[in-house]
Structure formats: structure tokens, C-alpha cells
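S.K.: I have a structure here, written as C-alpha cells, and I will follow up with some questions on it.
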Amino acid sequence: MLFRSGVSLNSNTGELSGVVAGNANGDFDIVVKVSNGISPDATQNFRITVIPSGGLYYYDAAAKSLKFSVADGVDVNVSESGGVVSFSVSKPTGQAPVFVPGPGSGTLTGSGTGVLSITSANLTGGLSIDNSLASQSSPDNDILISAGNLQAGSLKIGIAGSGSIGLAKDASASITGAIAISSVSPVNLAGSLTANSASFDSQLVAYPVSITGSVVSLGSVLFDNGGDIVLGDEAADKLTISSGIEIIAPTKAKAAGTLRTASAPISIDFLELTGDTVLDTRATGAGSSITLSNGVVQNGYTLTTYAAASQAVTLLGDVVLNDLMRTVTGNLVLGDGGSTPTTVTVATTGKVSALGGTIVFGDGTTVDIGGRDVTFAADNIDINSTSRFQGTGNIGFTPTTQGRNVFLGSEASTSQPGMKVNQASINVLSAGFDSVTFGETGFSGTITVGETTAYNRLNLVNNGGGKVRLTGKLTVQGTSTDGVGVFIDGSGATTVLSADIVTPGTAILISDAVEVNAPTIILDTTNGGTAPDGADVTITGGTTGIYSTSGVNNNLTVTAGDKGAVSLGTLRGFGTGGGLGSLVGNLTVTGASISLPMASSLGGSPILGNADTDLITVDGALTSANAAGIVMIGTDISLGEIG
């Protein structure tokens, strides 16, 4: 075809320049002739392709598909209203570019202007926008779906240069088929979105992808963009990817809101929370596994997970917990002993829960609570002997099911159901914590302690109605900032002692009634005399006092050393436990001071004090089956009624 006027060739420089008249476009054949006055003249044929200022569109009416190929610097704004989709074309330079139909294309409303229109019904075959007509040397094209609900059979956008691809927060897109995005620049899908599938291709250059619509439902997603990914940016966002979520290194993910799959796995190499987040594999069906394989950072937001009941939520790498973390269904595995070392850092006081499941501290896992207080709550606790716990705060373990029993030390070998922590696991809880607690305030299960050695202050808490049963010798070698070695916080009528408690100069505090269930029970804070100063021993007596097992008069010996204070029965003294048992037989107590604050009855001969005892105080009536055998040795003795 002939070249349009408006373009000329400089005969001196050979430069072809000018503006094509009438927005002409297409292929133009030209012949350049050069003469130097000597025949023959030299000629050269050229074909020049002229692209419209906006680009070309190809509309296939039969297939109901529309494709745009945009030129350099052209931005396309897509909006929908009343079933009509409009494409507004602009350039940052302020020009008014236009799209024209490509060869064989049907004509759109507004063709040849800056705004073209088509009905949604005529996009069932799909919509495609790319910058294949750009120079590709430095193309800059922004594609934005800005308003309304774009409905199409498919959506394909390819930008090979600077610019961006976006779906505005107030807009939405309903795609019955696939979304395919290929870019080297940011993709920000902030509006609601539905599609059968979505894919993000990197074109060998990584770029970030953000999907943050309030409601997003995708059948499947392939993240091949190579850059970081944002899935939700508000706690109210809901994103479902039915076939599963897989984000692998070096890509990192940020998330907020609810991320769901339809019984398909969630696997994210690194996860950082930017809002309260829920990972739920049970959009339909029983659920699947969740793996966060190269670290988790909570940033002060809660993380709630739902795996299949028979599967696990596995956290690997550097895990920083500074807010509530709940595994509602499934087990919680902290480190799996694989090639990725796992360190769990507790950065704030809180609770980590696997509701009704198991928390597993895997092979080689390090748990660092610093100086903070943290409780690991699960019906089962599995502490691998090669895991490591460190910190100076308070660490606790408790069942999540009320009434579920706890078995410690040698009792962990029982076949009965319950949380079981054996001596090998307790050994992992090495000295340094201010305390280690089993149970919690309001807990109602029975805590049974077999022969056990603990290396930190040990708290046994079940003041919600359960019992504490000591069936084997309890030796506590650690201490705490307040000097307490053992603290039993029962519900008032619950502690049964069938074995001794020994500490190396740290206090024994039993806030409960006590049943003496062996011929002689010893409470010793001198570690058999190796810590002669000893420490305090206190038994409140709870609601039923201090008594022996029914039918026998078992004996109680309390050894508090040269400096320990003994107080027995601050709430209720020695007796028969309100008819539950019998009188304690012989009571032998040594310490710097001894106090029996409440009325007490004994079935044998009490011996209170020794040469090192400064003060003995008996405030209530003290009666004994052998009144003549009552012995008190002390510098200062204050007596109530003796009989």
C-alpha cells in the first residue's frame, strides 16, 4: 500500500520522521532511491509497520472473545456497569491514543476513540490484553480493572515491561474459566475474584503478586511468579483455593484473613502474618495437612489452623510466636527432625494449643521462651529426647479437654488415656525456668505423679475439681525466684500422697487437703540433710484438712531444716477428712518455726520441734490419742488447748 502523507525522508541524513496522517496503520512498502549523478541509481525496498497510537484489538464475534495488543506507554482501564464493559485508553503523556480493529476483527462500539465498549455477554469466549505491539525495549503499560464486575469466560493479561496489573478493591471479576497472568511488574488483585483457575508466570523476572479481595474463590492457583506473595491483608478477607496452596522458596508469603482449601494441603515456605490469620483445609471434606516449612512470624497476630483430624500442622525453620496460636483440628508438630532445623522463639506471654490433638516437639527442635510465660495446651504432649528447651520464664503443659488426666514420670507408662510426660521428656526441661507447670487454673483432671525428678520449680494445678496423686518419690532439684520448689494447687479435697517429696532447700507449698496414703510420708526440704537450712513447708488443708487413708493411722514427717517455717492446716487442721479417712498417726515436724493454726486431732504421738526450733505455735485445740506422748521442743512455745 502507499505510504500516507506526513512522513518524510531526510535526503541528507536518511532519517524517516513525521506523523502519519489520519491515524493510518498497517504495513507500508516504500522504495528509497539514492543518486550521485552517475547511472544507475541505487534503490532499496522497505516495509514499515505502523502501529495505532493505542494498539489493535481483535474481536471474534463467533467465539465471543476479545484481545487487545497495546502499544508503548498505553494504559488500559477496564470498568463494568449495567452489563457493559468499557475500555478507556490513555497515556501518561496526556495523548489520546485509540485502538483500531485488527485484520478480520469485528468492530467495537467506540472504535477509533479513546473508549471502547462491549457487553459482558460477548466476552464469554474470554478477554486477553497484552503489549505484544510494544517495542519491548522499555514498554510501560498499566492494566487496571477499576469498577463494576468484569465477567468473562477467561482472562489473560501479559505485560513484558514496567507497569502494573490490578483489580481495584471496589471492583470484582467473575471468570468462569482460567486467569493467566504473565508479568515482570507487580500484580495487585485487591477486589473480589472468582475463577476456575489462576496462574502467574514470571517471564524469567520475579514480580510480587497480591491477592487481597474480601472474597476470593479460585479452583487452583499456580504461583510461578518468583516474587513474594500476599494472600489477604485484613482479618475479614476470605480466600479459597480449592485444590491447595503451595508457595515454595525463594518466594515468601504474607497473609491475613482466612485461607481455605477443599481437603487439599497448604504448604507455604515462609509465612509472615499482617493480620489475624486462619488456615483451614476443610472448606469441604475432612481436611488435609498444613506445612509452614521455613519459618513463621506472627507479628502480634493470632494464627488459627484447621488440618484433618488425623494429620498435622507442621512448623519448621525459625518460628517466632508473639500471639495466640491455635491448632483447632489435627496435631501440631514443631520440627520434624529433617534437614530444616527448627527454633521456636516465644516472644510474648501466651498459649500454643492443639485442641484435642498432640503437640510434638520434634527431633532437634529448640524452644526458647526467654523470660516469658507460655503454656502448651494439648491432650497429648510428645517431647523428643533430642529437643531442647531454654529460657528463664514459666513454661506450662495442660490438656485442652476438661477432665483429661495427666501422668508424669514413671506413671507415664500407664495404658490409661491421658497426657503422658515421662522422665526422659522431663529431663529435656533442663534447669533455668522459673517454673514448670502441669495443669492450669480451672483444670479438673487428675494429675498422677510417679517417681520423678524435676529440675525446675514444679507446679501441679488442678483446682477445678480433680485430684493430685503422688505415687512415687518426687525429687525437685530446681528453684524459682520466690524460693518455692513444689507447688500443688488443688481444689480443696484432692491431694493424695503415697510417696515422699524432697527438695534441696526450696519450699513445699500444698494449697489443698492432704490424704496420707503410705505408712510414713516425708516432706523434706533439706534433701536428706545435704541442704541443712531447709525451706518452708505449708499445707493449707483445703476443705477437708490433713488426714490418713481410711482404716489406718499413717504417719507424716515434715523436715524443714534449720531455717524453714512449717505451717500445717492454715485452712483446716488434722482430722478424719470429714469422715473420708482416719486420723494421721505420728506427726514429726522439725523447722525453725512450727505452726498449727487450726484445731487438730492425731491418732498417735506428735513430736514438734528440735533443738534448732525457735517458735512453736498451736492456735487451735490439739488432741491426740496419746496425749501423754505429745512432745514439743522449742525456744518459744505458744499453746492453745492440749488434750
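The values are calculated or read from the model by the stated rules, or taken from the named source; none is laboratory data. The model shown is predicted, which means the values in this text are computed figures rather than measured ones. Cβ: placed from backbone, ideal geometry, glycine included. Neighbour counts: every protein chain shown. For the accessible areas, the whole protein counts, side chains as well, though only heavy atoms, and no ligand, DNA or RNA atoms are used. Shrake-Rupley method; radii C 1.70, N 1.55, O 1.52, S 1.80 Å.
S.K.: Within the stretch 77-120, considering only strands (runs of 3 or more DSSP E) that don't extend past its boundaries, which have at least 1 residues that are within 13 Å of ALA147 (Cβ to Cβ), of a type in the set (A, V, I, L, M, F, W, C) and open to solvent by 30 Å² or more (accessible area, probe 1.4 Å)? Before you say what the answer is, go through the steps one by one.
M.R.: On the way: elements: 84-90, 99-101, 115-119.
By residue number, 84-90.
S.K.: Among the candidates LEU193, LEU231, LEU189, LEU204, which residue alone is farther than 23 Å from TYR59 by Cα, of a type in the set (A, V, I, L, M, F, W, C) and without any contact (Cβ under 8 Å) to a residue 24 or more places away in the chain? Outline the logic, then answer.
M.R.: Numbers: LEU193 fails: without any contact (Cβ under 8 Å) to a residue 24 or more places away in the chain; LEU231 fails: without any contact (Cβ under 8 Å) to a residue 24 or more places away in the chain; LEU189 fails: without any contact (Cβ under 8 Å) to a residue 24 or more places away in the chain.
The conditions single out LEU204.
S.K.: Of these, THR557, THR576, THR549, which one is open to solvent by 10 Å² or more (accessible area, probe 1.4 Å) and within 26 Å of PRO532 (Cα to Cα)?
M.R.: Details: THR576 fails: within 26 Å of PRO532 (Cα to Cα); THR549 fails: within 26 Å of PRO532 (Cα to Cα).
Residue meeting the stated conditions: THR557.
S.K.: The conditions are (1) buried (at least 17 other Cβ atoms within 10 Å of the Cβ); (2) more than 17 Å from THR437 (Cβ to Cβ), and THR348 fails exactly one of them. Which is it?
M.R.: Of the numbered conditions (1) buried (at least 17 other Cβ atoms within 10 Å of the Cβ); (2) more than 17 Å from THR437 (Cβ to Cβ), the odd one out for THR348 is (1).
S.K.: Then there is this: Tell me the residue from GLY409, GLY418, GLY432, GLY439 that is open to solvent by 10 Å² or more (accessible area, probe 1.4 Å) and on the phi > 0 side of the Ramachandran plot, please. Step through it out loud before you land on a result.
M.R.: Numbers: GLY409 fails: open to solvent by 10 Å² or more (accessible area, probe 1.4 Å); GLY418 fails: open to solvent by 10 Å² or more (accessible area, probe 1.4 Å); GLY439 fails: open to solvent by 10 Å² or more (accessible area, probe 1.4 Å).
Residue meeting the stated conditions: GLY432.
S.K.: What about PHE389, is it of a type in the set (Phe, Trp, Tyr) and buried (at least 23 other Cβ atoms within 10 Å of the Cβ)?
M.R.: no
S.K.: Residue check: is SER243 part of a loop (DSSP other than H, G, I, E, B), modelled with pLDDT of 95 or more, closer than 18 Å to ALA262 by Cα and open to solvent by 10 Å² or more (accessible area, probe 1.4 Å)? Break it down stepwise before answering.
M.R.: Values: part of a loop (DSSP other than H, G, I, E, B): yes; modelled with pLDDT of 95 or more: yes; closer than 18 Å to ALA262 by Cα: yes; open to solvent by 10 Å² or more (accessible area, probe 1.4 Å): yes.
So SER243 fits the description; yes.
S.K.: Oh, and also: Residue by residue through the stretch 612-634, note down the ones that are loosely packed, with under 13 Cβ neighbours inside 10 Å and at pLDDT 85 or above.
M.R.: Passing the criteria: only VAL631.
S.K.: Would you please name the residue that is surrounded by the most Cβ atoms within 10 Å (Cβ to Cβ), looking only at residues in the stretch 310-322 that are assigned to a loop (DSSP other than H, G, I, E, B) and free of Cβ contacts under 8 Å to residues at least 40 places away in the same chain? Full working, then the answer.
M.R.: Going through the stretch 310-322, the residues assigned to a loop (DSSP other than H, G, I, E, B) turn out to be 310-311, 316-317, 322.
Narrowing the set further to residues that are free of Cβ contacts under 8 Å to residues at least 40 places away in the same chain leaves 310-311, 316, 322.
Details: SER310: 12, GLN311: 20, LEU316: 24, ASN322: 18.
Step by step, filter the stretch 310-322, then rank; the result is LEU316.
S.K.: While we're on this one: Give the stretch 401-424 a look and list any residue that's under 19 Å from PHE443 (Cβ atoms) and of a type outside the set (A, V, I, L, M, F, W, C), or say none. Outline the logic, then answer.
M.R.: Initially, the stretch 401-424 is screened for residues under 19 Å from PHE443 (Cβ atoms), giving 401-409, 411-412, 414, 416-421.
Residues satisfying the conditions are THR401, GLN402, GLY403, ARG404, ASN405, GLY409, GLU411, THR414, GLN416, PRO417, GLY418, LYS420.
S.K.: Regarding ASP60, is this residue more than 15 Å from SER164 (Cα to Cα), open to solvent by 40 Å² or more (accessible area, probe 1.4 Å) and either acidic (Asp, Glu) or in contact with a Pro (Cβ under 7 Å, 6 or more places away or on another chain) (or both)?
M.R.: Values: more than 15 Å from SER164 (Cα to Cα): yes; open to solvent by 40 Å² or more (accessible area, probe 1.4 Å): yes; either acidic (Asp, Glu) or in contact with a Pro (Cβ under 7 Å, 6 or more places away or on another chain) (or both): yes.
When the stated conditions are applied, ASP60 passes them.
S.K.: Here is a follow-up. So which of PHE28, PHE68 is in a strand (DSSP E or B) and at pLDDT below 75? Working first, answer last.
M.R.: Numbers: PHE68 fails: at pLDDT below 75.
Within the list PHE28, PHE68, the selection yields PHE28.
S.K.: Within the stretch 121-167, can you find the residues that are part of a loop (DSSP other than H, G, I, E, B), modelled with pLDDT under 95 and open to solvent by less than 40 Å² (accessible area, probe 1.4 Å)?
M.R.: Result: ASN131, ALA134, PRO139, ALA160, GLY161.
S.K.: Looking at the stretch 521-532, I want the residues that are of a type in the set (Gly, Ala, Ser) and have a partner that is open to solvent by 20 Å² or more (accessible area, probe 1.4 Å) and part of a strand (DSSP E or B) with Cβ atoms under 6 Å, at least 6 apart or on another chain. Which pairs are those?
M.R.: Filtered contacts from the stretch 521-532: ALA531/PRO504.
S.K.: May I ask you to list the residues in the stretch 481-498 that are open to solvent by less than 10 Å² (accessible area, probe 1.4 Å) and more than 19 Å from GLY569 (Cβ to Cβ)?
M.R.: Within the stretch 481-498, GLY485 is the sole residue that qualifies.
S.K.: Can I ask one more? Sort through ASP524, ASP512 and tell me the only one that's acidic (Asp, Glu) and more than 40 Å from the chain's Cα centre (by Cα).
M.R.: On the way: ASP512 fails: more than 40 Å from the chain's Cα centre (by Cα).
One residue alone meets the criteria, ASP524.
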